[in-house]
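As structure tokens, the structure follows; a few thoughts come after it.
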Amino acid sequence: MNLKRHVSLILNEEKGDLKDFLTTRKEGALKIQQAAEEAGGPSQLTVSHFAAKAKPYEEAIDRATSGDLSFALERVMALMKSLSDLDSLSQTQFQGLTGQLEAYGEAYIAQRELSQGKHLPGETARVPEDFDAKNLSQGTEMEMEHTSDREIAQSIAMDHLAEDPEYYIKAARRN
């Protein structure tokens, strides 16, 4: 996420846009697929996995404006049923099915979390009161190594703490 978008999220307290989230995920999957294609060899299973995500992401992007991605939950359930018979699947089929499962699952969970007032992964519009004051203070100080703006440093610290409340405790142990 670029710095301008990061600050915009903080100041506007945006929770994230489902279509943007899904588009970013689709683009990321395509980059990984292309890199695996170039690598060749054993990476072909990775190609199968990430190539299989394109259609689910496209379908979810098309339906994102309605805010109802219940179809994605239906697809997840069908895919789980297909995956339950591992004895009949090749490695390539397995990778394709799990790629689809991940994409449909991400779409459904992101839509559900937005409807619950939560933030999408990568979105940073949180408030300091959401975090342990000591951990946030420690994290903000550590992030000041990367910026001279305390508000941005605090926002970065909140991102890390949202993903792992012990992020800075673990970081301190490594140093």
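Where a number appears in this text, it was derived from the coordinates with a stated rule and is not lab data. Treat the numbers as computed from the prediction; the structure is a model and nothing was measured. So basically every Cβ, Gly included, is an ideal-geometry build from the backbone, and we count neighbours across all protein chains shown.
Toward the positive end of the charge dipole of segment 46-153, with +1 on the Cβ of Lys and Arg and -1 on the Cβ of Asp and Glu, the farthest Cα among ALA133, ILE61, GLN93 is that of GLN93. Relative to its residue count, segment 128-174 spans a Cα convex hull of 61 Å³ per residue. Charging the Cβ of each Asp and Glu at -1 and of each Lys and Arg at +1, and nothing else, the dipole of the chain about its Cα centre rounds to 220 debye.
Taking all Cα pairs closer than 8 Å and separated by 6 or more residues, the relative contact order of segment 128-174 comes to 37 percent. Of the listed pairs LYS31/LYS81; LYS19/LYS134; LYS31/LYS118; LYS53/LYS134; LYS26/LYS81; LYS81/LYS170, which have alpha-carbon separations greater than 32 Å here? LYS19/LYS134; LYS53/LYS134; LYS81/LYS170, as the Cα separations exceed 32 Å there.
Segment 17-115 gives an Rg/Rh value of 1.00, both radii derived from C-alpha positions and Rh following Kirkwood.
Across the chain, C-alpha contacts under 8 Å between residues 6 or more apart give a mean separation that, scaled by the residue count, equals a relative contact order of 25 percent.
Cα-based radius of gyration for the chain, normalised by 2.2 N^0.38 Å, reads 1.22. Judged by the mean number of other Cβ atoms found within 10 Å, the most tightly packed of the peptides 89-97, 129-137 leads the ranking 89-97, 129-137.
With contacts taken as Cα pairs under 8 Å and at least 6 residues apart, segment 17-115 reaches a relative contact order of 35 percent.
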